[in-house]
Amino acid sequence: MGLLTILKKMKHKEREMRLLMLGLDNAGKTTILKKFNGQDVSTISPTLGFNIETLEHRGFKLNIWDVGGQKSLRSYWRNYFESTDGLVWVVDSADRLRLEDCRKELSTLLLEERLAGATLLVFANKQDLPGSLSKDAIREVLALDDIKTHHWCIVGCSAVTGENLLTGVDWLLDDIAARIFTAD
Amino acid sequence: MAALGVEVTVPKDDGETNTAVNVPESVLRRDQARLEEAERRRNVKESQTVKEEKSDFFTSTFNAEKTAVEEMLSSSNFSDRDKAAKTLEEITVRIQQLQKFLNDSMLFLTQYEIRQAQASMQKLQSSLDEKRDLVLPKKKFAFRSRNAGATKQPEPSKQTTDKSASDVGGTVVVDAAISVYQCGFSNAENQVLIMQAEEIQQKDVLLSHLTNCKVKLYGCPSTLHIKNIRSCEILCGPVSSSVFVDQCTDSTLVFPCQQLRTHNTTATQIYVHVTSRAIIEDCREVRFAPFTWTYPGIHDHFKVAGLDPDRNNWTDVDDFNWLAAGTPSPNWTVIPETERISSWDFVGPS
Ligand SMILES: Nc1nc2c(ncn2[C@@H]2O[C@H](COP(=O)(O)OP(=O)(O)OP(=O)(O)O)[C@@H](O)[C@H]2O)c(=O)[nH]1
Ligand SMILES: [Mg+2]
């Protein structure tokens with residue numbers, strides 16, 4: 001058995017998952033992460049680099065990587081692709097002017113071989129804003145129905161109120177678990 | 001919660017090493033930047049010749065594919081709708097693959113080569129978008145009208161036709177939506193524009209394509225976007241989350257907020273109260289000073305917005321194009337106290 005296979009087995013025994021959160025800057029990635037982890041969200045700065053949180057949820061150990069989304073940081077995203085089980089793509093549902101940028105970035109990501117096996121959760125964030133687009137509109141603009149290469153799901157949420165964060169993460173964990181932990 | 005970022009994974013060539021340590025975020029960041037720089041240097045040193053070969057290979061492959069796509073765009077027959085859709089689809093995929101090829105090659109390309117290639121990609125993409133708009137006009141989809149009441153537009157008739165602004169991401173679909181449902185002001189010149197607290201309270205407000213205007217927003221929106229602005233003075237009450245500024249020149253911006261994100265902005269003064277942090281990216285000659293505007297009720301508005309009036313980090317500006325530790329960014333400065341504006345009464349009492 002190769003070293004990689006052994007490592008993979010060990011990881012699965014511990015029911016460990018690696019989640020990668022990406023999206024344009026200002027989408028609310030860090031806020032979602034901290035809110036989900038029960039931390040204060042009022043002091044969050046724009047991410048200059050990345051954050052990692054390790055947390056337990058439903059008996060899984062989650063390693064969540066949150067990488068800054070500013071233009072100047074996007075070329076570094078690829079440094080974080082390796083061994084990703086779940087990709088969380090966060091969208092600012094009220095930022096209509098940048099939805100096209102958002103679509104392009106996501107479609108480029110989905111061509112990545114190293115993300116080929118990952119499940120995709122799209123968070124249509126900031127649903128608390130009166131001008132936000134519904135998750136169905138986001139689904140259309142991002143052309144999610146064209147995705148044939150990944151399991152995906154879109155969930156409307158708000159990092160500020162916490163609405164639906166759990167729903168999204170639970171779907172993601174179920175999908176990943178069904179894929180990688182059932183074999184053994 | 002006490003534990004934050006306790007696990008640092010540093011990718012190595014021969015697998016992965018996990019180190020469990022307790023490090024503050026700032027150190028992590030700096031460490032990441034240092035690692036990336038170190039790795040870049042190492043790569044440069046070890047493989048200078050390989051690098052040159054790779055870069056030659058990149059340039060010729062990239063250019064060949066670029067030319068092929070350009071030819072497809074200019075010489076394909078787009079008169080048959082079904083065939084046109086297919087061809088466009090094919091071109092889309094080729095452009096995506098070319099982008100991926102570029103992304104994968106970035107490690108051994110120079111900044112200059114990357115910029116050149118990115119510019120070519122943008123050109124290809126916009127030629128494709130143009131072609132698509134021409135041969136397959138996009139259907140408009142319906143937005144919910146839950147925010148219709150908040151619209152306040154000086155020149156509504158110009159809205160849907162004005163596409164002159166070269167907003168990178170703005171497609172027809174999205175542009176059309178803005179005019180109808182967005183709270184804020186767009187497409188105005190030489191005007192005084194005012195909104196009261198109840199009109200903007202907890203809303204997402206957009207100010208776009210304004211020239212030589214004076215704007216006062218006496219209230220606390222949830223978030224504020226300021227886009228394509230020239231020679232304007234914009235004042236706003238406490239913004240509970242972020243203010244997003246893009247393509248702004250020769251202007252003065254004044255507001256309290258949780259985060260300030262400034263992009264593609266030049267020769268602009270910002271009087272800010274920011275409780276977490278202000279950042280700039282692709283900016284020049286941006287000058288900062290502490291927020292000094294006041295109006296009746298502003299203290300309550302700080303409370304509504306959840307901003308601490310005693311906590312202002314206006315001097316902590318991160319420049320995302322200037323990550324060198326130690327040397328300050330040349331792209332922003334502090335406005336000397338003697339030059340600061342102290343009175344904001346450009347119009348009579350409201
Ligand atoms: N109203 C509202 N604001 C939100 C929501 N989520 C995040 N925000 C605000 O949006 C701004 C950006 O949030 P961040 O979490 O810093 O965004 P990010 O995606 O991590 O951005 P980068 O680190 O630059 O990539 C902050 O001011 C947040 O308070 C939400 O659901 N509703
Ligand atoms: Mg962040």
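Once both labels are positioned 7 Å from their Cα atoms along Cα-to-Cβ, the gap between residue B:112 and residue B:64 label points is 2.4 nm.
What separates the Cα centres of the range A:28-71 and the range A:132-184 is a distance of 17 Å.
So for the range B:289-350, what percent of the C-alpha to C-alpha distances run longer than 15 Å?
68
Of the solvent-accessible surface of the range A:1-144, computed with a 1.4 Å probe over protein heavy atoms with every protein chain present, carbon and sulfur atoms account for 53 percent. Placing unit charges on each Cβ (+1 for Lys and Arg, -1 for Asp and Glu) gives the range A:39-184 a dipole about its Cα centre, and among A:59, A:165, A:106 the Cα reaching farthest toward its positive end belongs to A:106. Multiplying the residue separation of residue B:285 and residue B:71 by 0.36 nm and subtracting their alpha-carbon distance yields 72.9 nm. Full extension of the segment from residue B:230 to residue B:198, taken as 0.36 nm per residue of separation minus the current Cα-Cα distance, would add 8.8 nm. With 27 Å as the limit on Cα-Cα distance, the pairs of A:104/B:86; A:71/A:126; A:34/A:71; A:61/A:135; A:71/B:303 that go past it are A:61/A:135; A:71/B:303.
To the nearest 0.05, what FRET efficiency results for residue B:39 and residue A:147 with a Förster distance of 25 Å applied to their C-beta separation? Intermediate values should be presented prior to the final figure.
Details: r = 32 Å, r/R0 = 1.30.
Taking R0 as 25 Å, the efficiency between residue B:39 and residue A:147 is 0.15.
Helical content alone sets the calculated 222 nm signal of chain A at -8500 deg cm²/dmol, taking -39,500 (n - 2.57) per DSSP H segment of four or more residues and averaging over every residue.
Here each label is just a point 7 Å from Cα along the line to Cβ, and for residue B:298 and residue B:313 those points are 2.2 nm apart.
Using a 1.4 angstrom probe on protein heavy atoms only, the contact between A and B buries about 5300 square angstrom of accessible area, both sides summed.
The translational diffusion coefficient of the range A:59-135, from Stokes-Einstein at 25 °C and 0.890 mPa s with a Kirkwood hydrodynamic radius over alpha carbon pairs, comes to 177 µm²/s.
The values are calculated or read from the model by the stated rules, or taken from the named source; none is laboratory data. Values in this document were obtained by computation on a predicted structure and should not be read as measured data. Neighbour counts run over all protein chains shown; Cβ positions are idealised from the backbone, glycine included. Note: accessible area is taken over every heavy atom of the protein model, side chains too, but ligands, DNA and RNA are not part of it. Shrake-Rupley method; radii C 1.70, N 1.55, O 1.52, S 1.80 Å.
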